[in-house]
1. For A:Cys256, what accessible area in Å² do you get when you roll a 1.4 Å probe over the heavy atoms of the protein chains, rounding to the nearest 10?
2. Measure nothing fancy, just the Cα-based angle from helix A:40-52's long axis to the longest principal axis of chain A, in degrees from 0 to 90, nearest 10.
3. For the range A:159-308, what does the alpha-carbon gyration tensor say about shape, rounded, prolate or oblate, given a ≥ b ≥ c as the root eigenvalues, a/c under 1.5 as rounded, and a/b over b/c as prolate?
4. Counting only DSSP beta bridges with both residues in the protein assembly as shown, what percent are antiparallel, rounded to the nearest 5?
5. So how do B:Phe15, B:Phe214 rank on accessible area, 1.4 Å probe, biggest first, that is with the largest at the start?
6. Taking only Cα atoms, what is the 0 to 90° angle, nearest 10, from helix A:194-205's long axis to the longest principal axis of chain A?
7. Give the relative contact order (percent, whole number) for chain A; include only Cα pairs under 8 Å separated by 6+ residues.
8. Probe 1.4 Å, all protein chains in place: accessible area of B:Thr100 in Å², nearest 10?
Number of protein chains: 2
Amino acid sequence: MKSADPELTGGGNRFRIIDLIRRLGPIARVEIVERTNLSPATVSAITGGLIEDGLVTASHVEGGEPSGRGRPRVMLQLQAGILHAVGVKLSLGRISVAVTDFAGRAVHSLVLPVRLDRQPAETIADLVEDGVRQCVSDAGLRLEAISGLGIGIPGVIDASAGRSHWSPVFGHAVVNFAAMIERRLSLPTQIENDANLAALAESWFGRAQDLADFAVVTAEDTIGMGLLLGGRLHRGAHGIGAEFGHVKVEVDGALCRCGQRGCLDTVASGWALSRNPELLERAGDMLGLALANLMNVLNLPRIILTGSVLTSQELVANRLEAALDRFMLPTLREATEIVRHEWGDEMWARGAASLVLRRLYGEPP
Amino acid sequence: MKSADPELTGGGNRFRIIDLIRRLGPIARVEIVERTNLSPATVSAITGGLIEDGLVTASHVEGGEPSGRGRPRVMLQLQAGILHAVGVKLSLGRISVAVTDFAGRAVHSLVLPVRLDRQPAETIADLVEDGVRQCVSDAGLRLEAISGLGIGIPGVIDASAGRSHWSPVFGHAVVNFAAMIERRLSLPTQIENDANLAALAESWFGRAQDLADFAVVTAEDTIGMGLLLGGRLHRGAHGIGAEFGHVKVEVDGALCRCGQRGCLDTVASGWALSRNPELLERAGDMLGLALANLMNVLNLPRIILTGSVLTSQELVANRLEAALDRFMLPTLREATEIVRHEWGDEMWARGAASLVLRRLYGEPP
DNA sequence: GGTGATTTGTTCACGCTCCAAAGAAACGCG
DNA sequence: CGCGTTTCTTTGGAGCGTGAACAAATCACC
């Protein structure tokens, strides 16, 4: 380790520029200068390097507004086909896979509709292997052309170690799923809590591209929360992420899959609602109370609601917002924007792929 | 704004080195090299600059262990007397003031035992002015020798704007207290939520000097929480900090000073307990439940408990810990250490002073 | 008491990243 | 065809950091 400088600064601006080019499609250098506050000299040098490395191409296609006077802008865009990543999302009822290009756009995606609960981990790994091979092949690519694999999994996931500590999919066993997949596909593999992934995806190509602090609440089979704080994914001690689904909303409530009682997950998750539909009335209230309490402390400028429970059950989402209005301090509530964002399977898998892309872009963190 | 580099990198290592010298008393350059992973050349250059600027002095006093072989170490320490700061803490029942030296050690401190509730803000500002003038004079200094003033206040404080949006001391009026004090003393003044200040102080000279993520819970008159996340104080949207005291623990509970019902503050704060001692039984449970839920999400490696309610009421603190054991996910609970830390008035005021010292050290954030 | 090993601190030449300023390129306009 | 305009590149230099060689101050040991 050299210290702070070479890593932070060094790759930092290069990363920012790649990221800008990805986000803003074909973009001229001048615009990069304006948005980054870097000097033209620096932008010229860095983009020159990117073009030389084959990551970026320049074209004279006109982009729009500037009236036509003066030297025409040269538009830059990512050489999207040069590198590919694969994203996988595990849910209780299916496995979603997507192959993305270097810009994070899905090239091909598929869904394996298989029930995963109570399957041994090795079997699940086999299914993932099959799905990935199939999807890569359908995309017209060979496995060697894939730079890496990102996998989103609900539960308590230690991303840095690649292990699941608890998950509705794997149960209480500690499973090094990343290693199991690497053994099968010989690709660098990262796993991450699915809600964390959603947060990453929202900041990467979703509804929070402008923010460094926000929360994503996902309510599908499972309730989850991803937090971006200071522009970075919040993982707590030991790299284990936020477990919003296991916040306690009823002392001595129903028994949860996690082994405890009264978890939010037992009253508001898709899993619970499918077994006990009359919970629907209270689900939004409970979610809202738990979220309001969290937001009274964290006071984030935006909360993004995703997952089928929140995007297709109007009642739940409306009650949730009503609870926020009621339980958050008014000063803080005013400063918090609530956004509902419906996600498809492909979006999840793209989020997982963005785990890989961050590395390819040379992220500084 | 130049970009990322000059600010982040530039002052960064200088700040780290000043901070190391402050923390580890007389310290040799070699040790700074070991602890920062900077090169000897860099440390030599930066410390040379500090000595030239008069912020640091070198002495040949022996520090200890190294067996005596080789060139003897030259020990560096802060020139503590060169600059001074003043810290102030407002509570409902008193104003605490401390003058600190450049190393953050209290040179002199005093407490004004006055009740502040229902006093107009201008009167409180007058009292603070008197206290500061008195304390500075008692310390044998003149006001011109003070580099700045930091003030800790309970409530919803917008630190960047210098305003109180709600506080048990000022009520619901929006009060620009920083400006009111600057007008009286002509000193650069910052205000901050008192619990945030406690967090800053714990990381600056308390029980969390080794951590970049932790929480401080204070239970005195008021319940508060300060969060350090990623080495930085967490302030939410609009710079308003964490409001742990107004988390809802009872739907339709007692009316809180903030105007809402069922706040944690109504069942566990010193203010509530003094009026209603039979709450004592439940106070720890409620605190513990609210904290457990937060920690299930944030999963921090350490929680520091401070404030008279938690440090002098064994029952409350014990019940709190029991609730954490019961309500946190076991995996996460194991990763979280609970520390009780008794604070005096002087400690609070030193924390406030450290607001000023950070600036003097040239903090990069 | 000299000699060499040991540890600490400094100097020097160089690399990396960035910038300001000047220059070059590529266009529309009259 | 020159001229203003806008975009991009080049040039020279500043700031911060490093590795490697060097200088300094001591102890161990014959």
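1. 10
2. 80
3. Values: a/c = 1.91, a/b = 1.19, b/c = 1.61.
Since a/c reaches 1.5 but b/c is at least a/b, the shape of the range A:159-308 is classed as oblate.
4. Percentage antiparallel, nearest 5: 65.
5. Most to least solvent-accessible, the answer reads B:Phe15, B:Phe214.
6. 30
7. Result for chain A is 17 percent.
8. For B:Thr100, the solvent-accessible surface is approximately 0 Å².
The values are calculated or read from the model by the stated rules, or taken from the named source; none is laboratory data. In this text, all values refer to a predicted model and were calculated from it rather than measured experimentally. Positions of Cβ are generated from backbone atoms using ideal geometry, with glycine treated the same way; all protein chains shown enter the neighbour counts. Please note that ligands, DNA and RNA were not included when accessible areas were found on the heavy atoms of the full protein model with its side chains. Shrake-Rupley method; radii C 1.70, N 1.55, O 1.52, S 1.80 Å.
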